[in-house]
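The values are calculated or read from the model by the stated rules, or taken from the named source; none is laboratory data. The model shown is predicted, which means the values in this text are computed figures rather than measured ones. Using ideal geometry, Cβ is built from the backbone for each residue, glycine included, and neighbour counts are taken over all protein chains shown.
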């Protein structure tokens, strides 16, 4: 029996803890039980929760010594340091072969162990920038649902934690068993970890003398790098240098990203056909929009729209 131990702390998110408990700990009729699920904390006793009630946790850190998987279901506030005892317990568990898994902000705890240095990790899109800033040795990927390296795994927001847990079940016991668990939870049987987080597109500050706003208002026109440069009355080479220095990208790449971002907005907020959206954002055809959209967002315009269907 595979032993899953959740490491909790005050104030513990009940939803994120529940993600692990539902996948690994809930006994369901007709579903083989391959996991034992339990909870531990650094200081056993009452642990306050985000739901307003305390939960009593009797296991201390010694419980991590026999865990096959250690789940960190959130870590708030994210700046909370790991105590030497917790850090030592996690590193020892990893050294003997335990799998360390985080949900959402739990990655901030795991990153403090150094086990993510030089490796990719993810978290909720709203905290990705902070994670990268505080742990520059970690390759933060804010546009995926989860990442699994075998010995360590991280997930995005709390809902993506369920996807990661089901992925681990699939890896441990096969797709059929994972699908059976998902069916009992009334969930999609599988979401790929590389599927994009549906974070709102962020508009960069216009540091190019109004060019970004000007271009953003003319996406339906066949803008070229030469046209952008001409509007600023500079050469295309100078424009490319300024984009690289101020935005960290090229004019062409920025323009494509801006067109896709506008397509996302129109898919979310309107009922325009895909070909009409393609024309409005300057991508000419529905075929071209689908190709560009899938490359940047990781799904099709139709699937994206269904996720944001206006009611």
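Restricting attention to the stretch 224-231, does a residue exist that is outside the structural domain of residue 126 (by TED's automatic domain parsing), modelled with pLDDT of 85 or more and surrounded by fewer than 13 Cβ atoms within 10 Å (Cβ to Cβ)? Scanning the stretch 224-231 turns up at least one residue that is outside the structural domain of residue 126 (by TED's automatic domain parsing), modelled with pLDDT of 85 or more and surrounded by fewer than 13 Cβ atoms within 10 Å (Cβ to Cβ).
Can you confirm whether residue 7 is in a strand (DSSP E or B), buried (at least 22 other Cβ atoms within 10 Å of the Cβ) and in contact with a helix residue (DSSP H, G or I) (Cβ under 6 Å, 6 or more places away or on another chain)? When the stated conditions are applied, residue 7 does not pass them. Residues in the stretch 109-125 that are farther than 30 Å from residue 62 by Cβ and surrounded by 15 or more Cβ atoms within 10 Å (Cβ to Cβ): 122, 124, 125. Whether a residue is in contact with a strand residue (DSSP E or B) (Cβ under 6 Å, 6 or more places away or on another chain) and surrounded by 15 or more Cβ atoms within 10 Å (Cβ to Cβ) was assessed, and residue 106 passes this test.
Restricting attention to the stretch 48-94, the residues that are under 24 Å from the mean Cα position of the chain (by Cα) and on the phi > 0 side of the Ramachandran plot add up to 1.
Restricted to helices (runs of 4 or more DSSP H) entirely inside the stretch 232-311, those with at least 3 residues that are surrounded by fewer than 18 Cβ atoms within 10 Å (Cβ to Cβ), in the same structural domain as residue 222 (by TED's automatic domain parsing) and more than 28 Å from the chain's Cα centre (by Cα) are 236-247, 274-280. For first residues located in the stretch 247-261 and farther than 23 Å from residue 274 by Cβ, partners that are at pLDDT below 90 and part of a loop (DSSP other than H, G, I, E, B) and lie 6+ apart or on another chain with Cβ distances below 7 Å form the pairs 247/204.
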